[in-house]
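Rule-based calculations on the coordinates, nothing more; no lab input. Predicted model, so just to flag it, every value in this text is computed and none were measured. Reconstructed Cβ throughout: ideal geometry from the backbone, glycine too, with neighbour counts over all protein chains shown.
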Amino acid sequence: MEAPFWRHLDAGDGVRVAFTRVEAGNLSLSAGVTDADDPAHARRAALASRRRLEATMGVPQGGLRFLHQTHSADVVDAAAASGPQPPIGDAWLSTDASAALAIMVADCLPVMFVGRVGERPMTAGAHAGRVGLLGGVLENTVAAMRTAGAQEISAWIGPGACGRCYEVPESLRAESSEGRPALASETRWGTPALDLRAEAAAVLASREVTVTDVAGCTIEDEDLFSHRRAPGRGRFAGLVWRNGHD
Ligand SMILES: [Zn+2]
């Protein structure tokens, strides 16, 4: 039953963190759908992939929650957004870890969090690409967790475009890394690049979050969806959920 997962980790307190792979299918109802020959079929396929993933996770059908992501730095409380439409935002938290949270990506970083409120876990996830990182999506997520009472926060930085592959124009590197020096990087072939992972790790460390770098490069690893390498094929997901009562 490990097949849908690129990585699957035990975060303690019955909480799991995982990142899906291409074999789990495209999980986005829009990416991979707009370019498809038959958008309705592509959308049904994405929904079927979500149902299969939920079965593997041990989550009830329809229980895995997705955001309407817009590259913002907005953090949503999953408990306050339970309507039929996905809430709009790029990070969210489940203060009692009762919601199974997904963050969809294909080159941006999925960053999944677990904190503790007394004896109980709290979970969160963030979509951290260049725009979100610059907007402060990780700072906002950690702040929202702390406001909700979380202590001892841990974060897992999942696969994304790596600092040796994520080529950008020199002007964009200069502009983006002003005040965020960890972002500046160089490709393997010597051109300007951005290192999203280094910046994410720097932000989290500065906020006393314990970081696990799960690593992985979407541009190099065909087991992961990459918008740059293969646009329009789909999105994989970072997941954090609580399973059972152990
Ligand atoms: Zn790479």
Starting from 0.36 nm per residue, how many nanometres of slack lie between Trp189 and Asp213 once their C-alpha separation is accounted for?
6.2 nm
Computed over region 42-137: relative contact order in percent, which uses C-alpha pairs under 8 Å that are six or more apart:
26
Sequence order, region 179-191: Karplus ³J(HN,Hα) from phi using 6.51 cos²θ - 1.76 cosθ + 1.60, θ = phi - 60°, Hz rounded, Gly and Pro as x, gives x, 9, x, 5, 6, 5, 8, 9, 5, 4, 9, x, 10
Would you grab the residues whose amide H sits under 5 Å from the one on His68? Only those 5+ places off in sequence or on another chain, please, with H modelled 1.01 Å from N.
Ile88, Gly89
Name the residues whose placed amide hydrogens come within less than 5 Å of the amide hydrogen of Ala97, ignoring near sequence neighbours (fewer than 5 apart) on the same chain.
Thr123
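Sort 218-226, 185-193, 20-28 by the packing proxy (mean of other Cβ within 10 Å over each peptide's residues), most packed first.
The peptides rank, most packed first, as 20-28, 218-226, 185-193.
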Using the Karplus equation 6.51 cos²θ - 1.76 cosθ + 1.60 (θ = phi - 60°), what ³J(HN,Hα) coupling, rounded to whole Hz, does each residue of region 111-122 give in order, writing x for Gly and Pro?
10, 10, 10, 9, x, 10, 10, x, 8, 10, x, 10
Packing-based ranking, highest mean first, of 156-169, 56-69, 6-19, 37-50 given that Cβ atoms within 10 Å are counted
156-169, 6-19, 56-69, 37-50
Using Cα pairs closer than 8 Å and at least 6 residues apart in sequence, work out the relative contact order for the chain, in percent.
25
